[in-house]
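Down below is the structure, laid out as structure tokens.
The values are calculated or read from the model by the stated rules, or taken from the named source; none is laboratory data. Everything numeric here is computed off the predicted structure, so don't read it as measured data. Reconstructed Cβ throughout: ideal geometry from the backbone, glycine too, with neighbour counts over all protein chains shown.
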Amino acid sequence: MICMQKMGTRSIALILIVLLAATACSKKKPTSLKPGKTSSKTGLAYNGKDGFEVKQYKALPAGPDLVYIEGGRFTMGSLEEDVMTRRDNPKRTVSIQSFYMDQTEVANVHYLEYLNAVQRDSSEEFYAKALPDTNVWFNELSFNDSYVTMYLRHPGFRLYPVVGVSWVQANDYCAWRTAAVSLANNKAGAAAAGGGKKKRGFSFGKKKKAEGEAVAAAPDAPAPQLRIESGYVMPPYRLPTEAEFEYAAMAMIGTQYSDENQANSRIYPWDGSTMRNPRGRKQGTMLANFKRGPGDYAGIAGKSNDGAIITQEIRSYPANDNGLYDMAGNVSEWVYDVYRPLSNSDVNDLNSFRRDGYQDEAKNYDTKNSNSMVDDKLRVYKGGSWSDVAYWLSPGTRRYMDQDSATAMVGFRCAMIATGTHKE
């Protein structure tokens, strides 16, 4: 009897311990999205009479087509032999904060959508400045004339990457896209936050007078209807930095081990040194759209063909381990950085980025006497194109061009910061 009483007492004690543990576990720790009803530091109630608002909210999904790129460290710089002898991208270790990047390059249909909005809501001057230079296809010694009139607007090329776009035009597209996506998010956010009426439409290229002339201004995003604190204000779309592009292209997330060691790096956005798919049903097919050698843009017709003499539809080649398409080949892509040969020794090792007008200034280069091309308008582009040999498909290689220039080999995609934690 005494033994049964002891067992009963122990059972009750055990049950009480389990209940106390369950109660402790049920009290969830505050998070950025769900901070709780009171301050963990003062004990004061949020959203009380003092007017300090800390609303609970359901996080909005990432913008359309964006892929989450988990940040980390990687070896930035060229792994290829420096055949150009520029010595402008030596290897070094940097860390990149998590961010979002477009799954694909911006295609013709996406840019035409932008032009349609600009034409409706902007000045004629700004619309003219937003138009891609279709003459980039013209060559006196080649018959590419049809691409000049057809490539941008013909339905058959809708999902081919837009080209003939300058760095400045690409940035203007990013500003418009921010406004367009924010409009949809503001509707959802205002409903959740109890907002009022929304401003309809956009304002692009408002005319402003400078020295008596009407000038097209940069596109202006509509004033946000919600405060940043609401959580429903979309972070701006922008061009990726050079470090972000290189990190996302290498996609080293596919080579890691549990102890943070990586057995190898990558020359291209895929494993190995070959340009062909090494296994599976598509064994032998090209992994990217590039120029194999002098006069050889696609190989012979048949299974070995990469499928494209010039550009090819987005998503035509396998995605890398980050889920991104055409991070090598198809078209090279503008990045945000200004070009400097010493960028890798100048920039920080955290979220590396080269601004213009700071350190290693353009005045230090002899551009007046044509001894240098370096100035504050040279922008970096990366990734290799349909017209490039395999060397330029390595993420570590870098080239540059004036920010107002455009070619048939350079396009772009957008990026965005990642706010808060991310859970799959």
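What to note about this one:
- Count - residues of region 45-68 that are more than 33 Å from the chain's Cα centre (by Cα), modelled with pLDDT of 80 or more and either hydroxyl-bearing (Ser, Thr, Tyr) or loosely packed, with under 11 Cβ neighbours inside 10 Å (or both): 1
- The numbered conditions (1) surrounded by 21 or more Cβ atoms within 10 Å (Cβ to Cβ); (2) out of contact with any strand residue (DSSP E or B) (no Cβ under 9 Å at 6 or more places or on another chain) are all true for Asn322 except (2).
- Against the test of being surrounded by 15 or more Cβ atoms within 10 Å (Cβ to Cβ), of a type in the set (Val, Ile, Thr) and under 24 Å from Val136 (Cβ atoms), the options Val389, Val335 yield a single qualifying residue, Val335.
- Subset of region 241-266 [in a loop (DSSP other than H, G, I, E, B), crowded, with 21+ Cβ neighbours inside 10 Å and out of contact with any Lys or Arg (no Cβ under 8 Å at 6 or more places or on another chain)]: Thr241, Arg266
Okay, residues lined up against (1) surrounded by 12 or more Cβ atoms within 10 Å (Cβ to Cβ); (2) farther than 30 Å from Gln312 by Cα; (3) out of contact with any helix residue (DSSP H, G or I) (no Cβ under 9 Å at 6 or more places or on another chain); (4) modelled with pLDDT under 50:
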site	(1), (2), (3), (4)
Met150	yes, no, no, no
Gly164	yes, no, no, no
Asn171	yes, no, yes, no
Thr178	yes, no, yes, no
Glu211	no, yes, yes, yes
Val215	yes, yes, no, yes
Asp220	yes, yes, no, yes
Leu226	yes, yes, no, no
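- Counting only residues that are of a type in the set (A, V, I, L, M, F, W, C), out of contact with any Ser or Thr (no Cβ under 7 Å at 6 or more places or on another chain) and outside any loop (DSSP other than H, G, I, E, B), region 327-381 holds 5 of them.
- The lone exception for Arg315 - which of (1) under 30 Å from Met416 (Cβ atoms); (2) over 18 Å from the mean Cα position of the chain (by Cα); (3) in contact (Cβ under 8 Å) with a residue 40 or more places away in the chain; (4) surrounded by fewer than 17 Cβ atoms within 10 Å (Cβ to Cβ) it fails: (2)
- Scanning region 147-187 for residues that are without any contact (Cβ under 8 Å) to a residue 40 or more places away in the chain and closer than 17 Å to Ala128 by Cα yields a count of 2.
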